[in-house]
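Presented below is the structure to which this report refers.
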Amino acid sequence: MENKESIEVRHQDAMCTNESKQSEIGVFSNIKYLIVGIAFGIVFVKAEIISWFRIQEMFRLQSFFMYGVIGTAIIVGMLSIWLIKRFNIKTISGEKITIENKTFNKGQVYGGLIFGIGWAITGACPGPLFAQIGSGFLAVGVTFISAIAGTWVYGYFRDKLPH
Amino acid sequence: MLELIKQPWHWAVAGLLIGLTVPTLLLIGNKKFGVSSSLRHICAMCIPAKIPFFKYEWKKEIWNLLFVLGVFIGAIIATTFLSNPNTIVVAESTKASLAQYGITDYSQIMPAQIFNIENILTLKGFFFFVFGGFLVGFGTRYAGGCTSGHSIMGISNLQIPSLIATCCFMAGGFFSANVLMPLIFKLL
């Protein structure tokens, strides 16, 4: 496979691409991401963000909880990125931190609406999906497989959809 | 201390920790926070079927798969060792609405009356698992990201497309929770 072509394909419909260098694709050098993921999963469960009830409260405007979580996360993220850019902070291995800008396409509207409908039904965006299964709700395994199927069907029909 | 951790965490604590995931991933390896890509990598890994959209080197993004594996393991740890002994607290107004649809069980973090293995082969299961899951997978990829990639990472980086996507997530959710789901609950 032509490498350049592969990178171009990867950039389609992705907020950002995150390819590691060839030397970093082993499982061992990526253990640090597993650890961050574990911490993230614990927060998801302990703050009950993975709860279908919390999502119903949010979309019925009956609780401030999820707005508080997402709002705080955005403020912390915004401040962090500003600091990283302002002081040109490098990664722990000395690499420059780069964040690509995103261009608008209609997919963000159509896809966004479709995802929103699914989010309220399942009570999960993709992250909590993994955590719901981990919490012992094995039926969500079906939701997960169906989400993979949805991604696959999108890939199959991508050229025919408006963007 | 352990007793405190076992209580449900405040939204500000959760928001702070989730927000800190953004700089953590950037600082440990220049990785941009995003979860829904993992679904695409699984497609590229297992069922690429010569579809151009899945012809890329997924091995270079194995970090993302390990991250979501971590989320899964983290949930097992939290549920096994740190679980809240009390029932989940839900807004009274939400409880009243859900009671109309027969959702009355608050003994678990998810309603057992829906998220139950016995429901998998029923119409209810088809709607909540198969249909809902499909929309999540299809919609996030079509939108180019989900709550993490667009709403948190994208808006944090002041990206207008991410703000638009987030508004559409919310619009879809409001429609779904207030119009579509009450209708479906009547039928099921």
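The values are calculated or read from the model by the stated rules, or taken from the named source; none is laboratory data. None of the values given here were measured: they were computed from a predicted structure. Cβ coordinates were reconstructed from backbone atoms using ideal geometry, including for glycine residues, and neighbour counts include every protein chain displayed. When the accessible area is computed, the model is the full protein with side chains, heavy atoms only, and any ligands, DNA or RNA have been set aside. Shrake-Rupley method; radii C 1.70, N 1.55, O 1.52, S 1.80 Å.
One table, with the values for the structure above:
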read-out: Cα-based Rg of the range A:66-122 normalised by 2.2 N^0.38 Å, two decimals; value: 1.58
read-out: Value of [θ]222 nm, deg cm²/dmol, for the protein assembly as shown, DSSP H segments ≥ 4, -39500 (n - 2.57) each, nearest 500; value: -17500 deg cm²/dmol
read-out: Sites matching trypsin sites (Lys or Arg not before Pro) across the range A:87-134 that sit in DSSP coil, with at most 16 neighbouring C-beta atoms within 10 Å; value: A:106
read-out: Electrostatic dipole magnitude of the range B:1-86 [Cβ: Lys, Arg +1; Asp, Glu -1; Cα centre; debye, to 20]; value: 400 debye
read-out: Calculated SAXS-style log₁₀ I(q)/I(0) at q = 0.09, 0.17 Å⁻¹ - the range A:4-160, Debye, Cα scatterers; value: -0.40, -1.49
read-out: Solvent-accessible area, 1.4 Å probe, carbon plus sulfur percent, for the range A:35-163; value: 69 percent
read-out: Cross-link table A:102/B:50; A:106/B:50; A:106/B:59; B:32/B:124, entries beyond 32 Å C-alpha to C-alpha; value: B:32/B:124
read-out: Dipole of the protein assembly as shown, positive end: most advanced residue of A:98, B:157, B:131 [Cβ charges, Cα centre]; value: A:98
read-out: By average C-beta atoms within 10 angstrom, highest first, the peptides B:91-103, B:63-75, A:107-119; value: A:107-119, B:63-75, B:91-103
read-out: Pairwise label distance in nanometres, residue B:179 with residue B:100, each label 7 Å out on the Cα-Cβ vector; value: 1.6 nm
read-out: Between the range A:29-48 and the range B:112-143, the Cα center-to-center distance that results, in Å; value: 24 Å
read-out: With 10 Å bins from 0: P(r) over the range B:29-188, alpha-carbon pairs, percent; value: 9, 26, 36, 24, 5, 0
read-out: Per residue value of the accessible surface for the protein assembly as shown (all protein chains in place, 1.4 Å probe), Å²; value: 42 Å²
read-out: Normalised per residue, the volume of the convex hull around the Cα set of the range B:1-117 (Å³); value: 179 Å³
read-out: Cross-link partners of residue B:60 among aspartates and glutamates (Cα-Cα below 19 Å; sequence separation of 8 or more within a chain); value: A:2, A:5, A:8, A:13, A:19, A:24, A:95, A:100
read-out: Chain B, dipole about Cα centre (Lys/Arg Cβ +1, Asp/Glu Cβ -1), debye to the nearest 20; value: 600 debye
read-out: Two-decimal log10 I(q)/I(0) for the range B:110-188, as the Debye equation yields it once each C-alpha is a single scatterer, q = 0.19 Å⁻¹; value: -0.87
read-out: Centroid-to-centroid separation of the range B:148-188 and the range A:51-114 [C-alpha atoms, Å]; value: 13 Å
read-out: Inter-chain Cβ neighbour average for residues B:4-13, partner chain, 10 Å; value: 5
read-out: Interatomic Cα distance distribution for the protein assembly as shown, bins of 20 angstrom, percent; value: 32, 60, 8
